[in-house]
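Peer 1: Here you go, one structure.
The values are calculated or read from the model by the stated rules, or taken from the named source; none is laboratory data. Here the structure is a predicted model, which is why all the values come from computation and not from measurement. Don't worry about glycine lacking a Cβ; one is built from the backbone with ideal geometry, like all the others, and counts go over all protein chains shown. Areas reflect the complete protein model, heavy atoms only, side chains present, ligands, DNA and RNA absent. Shrake-Rupley method; radii C 1.70, N 1.55, O 1.52, S 1.80 Å.
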Amino acid sequence: MAEYLSNKGQIELLRRDGFVIVPRLLPANLCEAIKYAARTELTRLNGAIEFESDLHYLGAPKSRIAPGGNTVRRLLDAYARSKIYQNLAKSAKIRSRIALYFDEHIALSLAHHNCLMTKHPTYGSQTSWHRDVRYWAFEREDLISVWFALGTETEENGALRFVPGSHILDLSAERFDESKFFRLDTSENVALIRTAISPTLNLGDAIFFHCNTLHAAGKNLSDDIKFSLVFTYHGISNLPVPGTRSAAKSEVLL
Ligand SMILES: O=C(O)CCC(=O)C(=O)O
């Protein structure tokens, strides 16, 4: 278990499997404070918001005026929303591990993830198998995201699933569809997905994962909203490609 490992041991697991769970990284009172603030923001619809209906994923409302059309998927720009998020994203417990991974000075991308993800019962959609690098354009495909579970995350409420070791597989473009989701109509791909695992996360656990790790998540079949906070980091020598969405926002040097 990663909880018994040193930071170095955790980063070795991250390199080997493409993800590592660090149990109880956040104290319970911080998770509760973030969720309290997030619930308020959900009612006020403050700031930049991504709605489920914007994405057209499986199970999402078809439009903003369809039933459930106002269901929020992401409270975007978390870093700009509150000092709590800023302090957490820059905290020593994150910086120390991320710096060990990159072995150079690091930066927090404000262009990607940088959000409070909500997964609602009924109208929260499932996310098909993908690599996060589908969203991004950097000189090298080498970024790490940190996903903080602000409550329990299980298969029942739509937790993440991962294919261990998939971050180092050479997966040709043909194995993905036009939206860069991993196709499930080939036996080769299905065989790979069968090796996936669905780790349960407890309140305060964090999962560090590579931008090329194949992952997916189901619908939320519970009665409660699931809240998770996500930030993405890279080494400062790995620059966003000019003119792309990845370069559209400033970065925070850590
Ligand atoms: O919670 C989910 O549905 C998956 C989120 C995810 O994989 C992503 O945003 O890249």
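Peer 1: Pull up all non-local amide H partners of residue 220: gap of 5 or more, or a different chain, and H-to-H distance under 5 Å with H placed in the peptide plane.
Peer 2: 122, 124
Peer 1: If I take R0 = 25 Å and measure r between the Cβ atoms of residue 16 and residue 185 in this structure, what FRET efficiency does the formula 1/(1 + (r/R0)^6) give, to the nearest 0.05? Don't skip to the answer; put the middle values down first.
Peer 2: Details: r = 30 Å, r/R0 = 1.19.
Calculated transfer efficiency: 0.25.
Peer 1: Taking a probe of 1.4 Å, how large is the accessible area per residue of segment 35-111, in Å²? Let's see the in-between values first.
Peer 2: Details: 3880 Å² over 77 residues.
About 50 Å² of surface per residue is accessible.
Peer 1: Hey, another quick one. Using a Gaussian network for the chain with springs between C-alpha atoms less than 10 Å apart, which of these wobbles most: 188, 155, 12?
Peer 2: So, out of 188, 155, 12, the one fluctuating most is 188.
Peer 1: Sort out for me the Cα centre separation of segment 58-98 from segment 120-191, rounded to whole Å.
Peer 2: The two parts, judged by their Cα centres, are 17 Å apart.
Peer 1: Per DSSP H run of n ≥ 4, the term is -39500 (n - 2.57); total these for the chain, divide by its residue number, and report the mean residue ellipticity at 222 nm rounded to 500 deg cm²/dmol. Could the numbers behind the result be given before it?
Peer 2: Details: 7 runs with 61 residues, N = 254.
Calculated mean residue ellipticity at 222 nm is -6500 deg cm²/dmol.
Peer 1: How would you order 224-230, 147-153, 85-91, 96-102 from highest to lowest mean count of nearby Cβ atoms within 10 Å? Let's see the in-between values first.
Peer 2: On the way: 224-230: 21.0, 147-153: 23.0, 85-91: 16.9, 96-102: 18.6.
Taking the mean over residues of other Cβ atoms within 10 Å, the ranking is 147-153, 224-230, 96-102, 85-91.
Peer 1: What is segment 183-245 by shape, rounded, prolate or oblate, if you read a ≥ b ≥ c off the alpha carbon gyration tensor as root eigenvalues and call it rounded for a/c under 1.5, prolate for a/b larger than b/c, and oblate otherwise? Don't skip to the answer; put the middle values down first.
Peer 2: Values: a/c = 2.05, a/b = 1.18, b/c = 1.74.
Here segment 183-245 falls in the oblate category.
Peer 1: Let me know the Kirkwood hydrodynamic radius for segment 122-205, please, with Cα pairs as the basis and the value in Å to one decimal.
Peer 2: On the way: mean 1/r = 0.0684 Å⁻¹.
14.6 Å is the Kirkwood radius here.
Peer 1: Could you order peptides 72-79, 198-205 by the average number of other Cβ atoms within 10 Å of their residues, highest first?
Peer 2: On the way: 72-79: 21.2, 198-205: 17.5.
Result, highest mean Cβ count within 10 Å first: 72-79, 198-205.
Peer 1: Dipole magnitude of the chain about its Cα centre, charges +1 at Lys/Arg Cβ and -1 at Asp/Glu Cβ only, in debye to the nearest 20? Can you show the working numbers first?
Peer 2: Details: 30 positive and 28 negative charges, 120 e Å.
Taking the Cα centre of the chain as origin, the dipole is about 580 debye.
Peer 1: In the full protein assembly as shown, how much of residue 221 is accessible to a 1.4 Å probe, in Å² to the nearest 10?
Peer 2: For residue 221, the solvent-accessible surface is approximately 120 Å².
Peer 1: Still on this structure: Just list whichever of 90/180; 62/90; 8/219; 93/249; 90/219 have alpha carbons separated by over 27 Å in the model shown. Can you show the working numbers first?
Peer 2: On the way: 90/180 31 Å; 62/90 37 Å; 8/219 34 Å; 93/249 25 Å; 90/219 31 Å.
Beyond 27 Å: 90/180; 62/90; 8/219; 90/219.
Peer 1: Once you have the alpha carbon radius of gyration of segment 2-253, what is it after dividing by 2.2 N^0.38 Å, with N set to its residue count?
Peer 2: Numbers: Rg = 17.3 Å, N = 252, 2.2 N^0.38 = 18.0 Å.
Rounded to two decimals, the normalised Rg is 0.96.
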